[in-house]
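Notes to accompany the following structure.
The values are calculated or read from the model by the stated rules, or taken from the named source; none is laboratory data. These numbers come from a predicted model, not from an experiment. Cβ placement follows ideal geometry from the backbone for every residue including glycine, while neighbour counts extend to all protein chains displayed. Side chains included, ligands, DNA and RNA excluded: accessible areas come from the protein's heavy atoms. Shrake-Rupley method; radii C 1.70, N 1.55, O 1.52, S 1.80 Å.
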Amino acid sequence: MMRRMETLLVTLPTSLLLLCFLLFVLFGHRPAAGTELPVPVRVGVIINLASATGKRLQTSIRMAVEDYYSMHPNSSTRVELHFRHSPGDAIAAISAAEELVTNAQVHAVIGPETPAEAELVATVGSRAHIPVLSYSDTATPISASGTPFLVRTCADDSFLAAPVADILGSFAWRGAVLVHEDSRTGTGIVPALVDVGVGIARRVAVPVDASDDRLDAVLYRAMSKTTTRIFVVHMSPSLARRMFRRAKKAGMMSQGYVWIATASGLGDEDRLSADDIDAMQGVVIVRPHVRPTIQANNFAARFKARLSKEVAGSQEIHGPSLPLLWAYDTAWAVAAAAEAAEISVPALQTSAATSSTGVSATGETLLKAVLDTTFDGLAGKFRLVERQLEMPAYEIVNVVADGTRIVGFWTEHSRMSQDMMNPSSQGLKQIIWPGEQSEQSHVPKGWAVSPSGLELVVSVPVKHGFNQFVDVSDDPTTGRPKITGYCIDVFDAVMKALPSPVSYQYVPFNGSSDSYDQLVRLVPQQKADVVVGDVTITSSRMGEVDYTMPFTESGWSMVVAVQTGRSTSMFFFLKPLTASLWLASFAFFVFTGFVVWVIEHRINPEFRGTPLQQLGLIFYYAFSTLVFAHREKLESNLSRFVVIIWVFVVLILTSSYTASLTSMLTVQQLEPMVTDVKELIRRGDYVGYQEGSFMPSELKKMNFDESKLRVYSTPEQYAEALSKGSSNGGVAAIFDEIPYLKLFLSQYCDGYAMVGPIYKDAGFGFVFPKGSPMAPDVSRAIVSLTEGGDMALIERKWFGDPGACDSQGSGMGTSSLSFWSFSGLFLVTGVASGLMLVVNLATFVYRERRELSAAEPGGRSMSLRRLRAWLQHYDRKDTRSPSFKQWENDGSARSGVEAEKTGATKGESIRDFTAPAARSLGGSGDSDIAAAASSPGEEVANAASTSFEQRMEEAAVLSKEIQATSAPYGEASLKSLLNCESRED
C-alpha cells in the first residue's frame, strides 16, 4: 500500500504538467477576448540586392523596423518589408515599382538608391497615390506638380551651395570651375550656386562611366582653358575618388590649387584607401554633420556585428555611412507614420467597371502622416519641410596626410564657426592646401598667371580713329603688329604691379569697328583671355563677363559748333539773372517797402497821405535803394535796422548783376548753336556718334530717329560734320564719351564746345572671364596706380596737359545767376524784416491796449469789425511822436506870422459878427466880447502861438460859457460864431 502511494506521489506532478501542456495547445495560441492582431502595412523597398551597398541598406532598413517595434510592442500596425532588386537601371526600377504596386499592393515605397531612379519610381507612385520616400545621398529639388507623392528624406543638393559660397567668400575668391557629374543630379547644383553669388568661371561635365583617359582629357581642358585654380567637385564618391587620382598625376594637386568637394562619402576615413588619401591631400570636403550620440554608436556596433554574420566571407566591415543612417530613419518614419495614420484597409482599390488597379485608399493619409512625423533620428533631427528633409548642419573636413580632420562647421543661422557648440568662434581653422605640408601654409590666390603656363591671349580693338587710346600698326622691323596707346600703357603698368609676373600677348581684333559687343564676346567664347581697350562698362555686357574698376573718367555728352557775336536781343539785360531770381528780388523789394511803411506810418509825417500816395511811397522807397537815392527820414530804429540789412542785400545784388552782365557783354563772344537735346529731336537734326560704340542704343532710348544717326571714326570727321551742319550733309551735334570729347576739343579748341547734360556711365574697364579671380587683383592695381600718380603721367603722355582749352571753355555758356545763389541773403533780410515787423506790432498792441479795448465793438470774439477798429486806430497819427510835435510847432509858427499881417481885418470881421450877438444877450458878457474884439491882432497871434490841444480846450470852455449865458434865440448865432472861429483856426 505504501509503495502504491509513493508511486502516485511521483507520477502526480508529471500528470499535472501534461494536463497544462494540453490546455496550452488547445487554448494558448488563441488571442484573448477583446484583443486583435496588428494590421499589416506592406512597404516596398527597391535596392540593388546584388551589390555590397544594397546589402548594407537592406540590413539597415530591417534593423530600423525591428528596433521600432521592439520599442513599441503594442503597435496596432506592423510594417512588412517587400524587397525588390534594381541594379541601377531606370527600366528595372520602374518594373519593380509596377510589380510592388500591382501585385504586392504596397502602401509605400522606399528607395531606389539613385535620384534618377527615385524620380521615375515617384511617377508610378504619384499615379497610384502611393508615397515614395527617397534617401539617396544626392538629390535635386522636388517638383511640386510632377511628383506630389515624392518625399526626400535626405539633404537637397542645393543646400550645399551656401556653405561653398561662404568658404569662397572667406578667402575673397570670387569664382571657381565647377567639375560635376554629367547627369541631372550633377547639374542640379548649378542654379543654387548662381543664386548665392558664386561666379562659375567654367563648367566641366564628367561622364558617369568616364574612363581614365576621358578623365585626363577633361582635367587638361579645365586647366588649359582658364586661369582659375579653384575647383568645386560635385559628383558621386566613387567617381570623385578616381578623378582626384588622375588630377594628382596631372599635377593639379600641387601648390596654388584649391579643391572643394561636396560628395558626402569622401569624408569617411574607413572608406578611403592610402592611395585616396595621398591623392586627395589638401582637399576640402563639405558634408552634412551627424552629431555623435549613444544611439548612433550603439547602432553602429550592432550593425557591424549583424553584417559580419549575414555577409559571409567579407574581409572588411565598415561602419554605417550617412545614406545608411538616412535609410534607417526613413524606415523608422514609415513605421511611425503607419501607426499614426491607423491604416486598416488594403492599399489599392480596384475599379469594378474596368477591373483595373485604381489609386491607393490610404496613400494621402499615409503621406500626411509621414510629413507630420518628427523624431530624433540617427542622422539628426528628422523633420520634413515642403516634402524635403530640413536643412542640416554641415561640417567642413580637410584631408591631410594622416586622414581627415574637421576644420569648421556651417549652419544656416550662425554660418561658419570653428566649434559647433560655440557659434561665436567664427571662421575656419587653419587648412592645409594641396601641395603644402604644414598648417603654416599660405592661402592660395586662386588663379594662375596663364593657363598651363602659356601666355594670356589679350584681344585689342582695331580703331580707325582716336588712336591715342589704342593704335594697331605694322612694325617694319619685325613684321608683327605694333600695338600702342593709352589703354595699352595702363594695362602694362597694371600687370607689372601684380604680385606675380604675368605673361601675355596682344592680338588685334578687326571686327571691333562694327560693335565692341563682338570684341567682348571673345572672352565668354574662350577665344581670348582678356580684352584690353576703350571698352565701356555696361550692364548688358556684365551679364557675360567681369570688368575691372574703370580707369578713365565716366559719362557721355555732346559737342556742338559755336557761333560768333553778341546777343542782339532787346531783353538781353534780363539774362544775367534767372526768372526765379528776378521774381524773388521784386517780391523782397515790395516786402521791404511795406515793412518800412508799416513801422513809420504812425510816427512819421512823410509816410502819410492819401492811400494812393502811401502805396506809391511803398514801391518808391524800396526801389530807390537800388541807386541809394532814398531821402525820407526814418524815425524808428526798427525801420532803420531793416533798411541797413536791405541796403547790404541790394549792394550785393547790384554788384553781382553788373559783374554778370559785364562778363556776358565782354567775354561771351562764342555761343553754342544748340544746347538742348529736346531741340535737336524736335527739329529732326542729324546727330553723329563714333563707330563701335554703344551710342546708337542710348540715342534711340532718347527718341532719336535711327535715320537721323550718322557714324564717324576720327576727330577730323567730327570737325567736318559739325562745320557743315545738319542741313548741309553734316550733323548738329556729336554724342560720345567724355574722354573722346576731351581729346577732340584738345585738338579743335576754336569753334566747338561740349554742352548739355552729362549722362552717367561706368567708364572704360578691362574685360575678364565671368568669375575670374584675377579681376579683383587687377582692380586693386588700378587703384594703386591712380593713387600713386602714375595714371596722370600716362594721361599726360597721350592727351597732353589737361586744361589746354580752358580759356575757351570759360567763355562758353556763361550761366545766369540763380535764386539759390542768393537764397542766404534773402533769408537774412526776410527774417530781419519780419522780426522787426512783429516787434513793432507787438509794441503797438501793448501801448494802445486800453484805447484798443475801448474802441472794440461789443463781443469778445475776434470779428471783422474788431479788426477794422484796430486798423483804423493804427491808421491814426501818434501825437506823442516827437516828429509830429515838431511838425505841429513848425506849422503854428508859420500860421502866427501870417496872422499878424491880417489880424486887423480878421478882428473887424469878428467884431461885426459878434456885436449883434452881444446885444441880443442883453448886455451880459458884452464887455468881455468887446475886450476880445478890441485888439484882434494880439488875440490871433496868441491863438497861433498856442498848441493844437490848448486851442481845442479853450474852444470847449468858450462853448460852455456861451451856452450857459445865451438865450434860445441867440443859440444859432453862437454856433455860427464857433464855426467861424474853427474855420479861421
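Things worth noting here:
- With viscosity 0.692 mPa s and temperature 37 °C, the Kirkwood radius over alpha carbon pairs of the range 351-436 converts through Stokes-Einstein to a diffusion coefficient of 193 µm²/s.
- Near L817, the amide H atoms lying under 5 Å from its own belong to L577, T578; only residues 5 or more places off or on other chains count, and H is placed 1.01 Å from N.
- Computed with a 1.4 Å probe over protein heavy atoms only, the accessible area of S414 comes to about 30 Å².
- Sorted peptide list for 66-78, 277-289, criterion being average Cβ within 10 angstrom, highest first: 277-289, 66-78
- Each pair of Cα atoms in the range 521-562 enters the Kirkwood radius, and Stokes-Einstein at 20 °C and 1.002 mPa s then converts it into a translational diffusion coefficient of 171 µm²/s.
- With both labels modelled 7 Å from their Cα along Cα-to-Cβ, the R849 to K381 distance reads 7.5 nm.
- Three semi-axes describe the equivalent ellipsoid of the range 677-829; taken as square roots of 5 times the Cα gyration tensor eigenvalues and ordered largest first, they are 30, 26, 19 Å.
- For the range 676-788, with +1 on Lys and Arg beta carbons and -1 on Asp and Glu, the positive-most of P769, I782, P715 along the dipole: P769
- Order by protection proxy (mean Cβ within 10 Å, highest first), peptides 111-119, 185-193, 743-751: 111-119, 185-193, 743-751
- Normalised by 2.2 N^0.38 Å, where N counts its residues, the alpha-carbon radius of gyration of the range 431-541 equals 1.32.
- Here the range 474-612 has an Rg and Dmax of 33.1, 100 Å, counting Cα atoms alone.
- Trypsin sites (Lys or Arg not before Pro) restricted to the range 719-761 and DSSP loop, no more than 14 other C-beta within 10 Å: K760
- Placing +1 on each Lys and Arg Cβ and -1 on each Asp and Glu Cβ, with no other charges, gives the range 624-752 a dipole about its Cα centre of roughly 520 debye.
- Entries in K760/K797; K248/K304; K309/K381; K701/K724 that, when Cα-Cα distance is taken, lie over 28 Å: K248/K304; K309/K381
- Note on the range 658-767: along the principal axes its Cα atoms extend 51, 35, 25 Å, ordered by decreasing extent.
- Sorted largest first by accessible area at a 1.4 angstrom probe radius, with every protein chain in place, the residues M420, M252 fall in the order M420, M252.
- Ordering M549, S580, T536 by the projection of their Cα atoms onto the charge dipole of the range 527-611, which places +1 on the Cβ of Lys and Arg and -1 on the Cβ of Asp and Glu, puts S580 at the extreme positive end.
- Residue-normalised accessible area of the range 512-562, expressed per residue, 1.4 Å probe, Å²: 35 Å²
- Area accessible to solvent at V462, 1.4 Å probe radius, in Å²: 30 Å²
- The Rg/Rh ratio for the range 573-651 is 1.00, where Rg is the radius of gyration of the alpha carbons and Rh is the Kirkwood radius.
- Candidates per trypsin sites (Lys or Arg not before Pro) in the range 507-596, loop by DSSP, up to 16 other Cβ within 10 Å: K527, R566
- Total formal charge among the other residues, if their Cβ is under 12 angstrom from that of R796, Lys/Arg +1 and Asp/Glu -1: -3
- The range 512-554 residues near the modelled T786 label - backbone nitrogen below 16 Å, point 7 Å along Cα→Cβ: 535-538, 547-554
- Full-extension gain in nm, S424 to A762, via 0.36 nm per residue minus C-alpha separation: 117.7 nm
- Quotient of the Cα radius of gyration of the range 180-227 and 2.2 N^0.38 Å, N being its number of residues: 1.25.
- Compactness of the range 31-111 as Cα Rg over 2.2 N^0.38 Å, two decimals: 1.27
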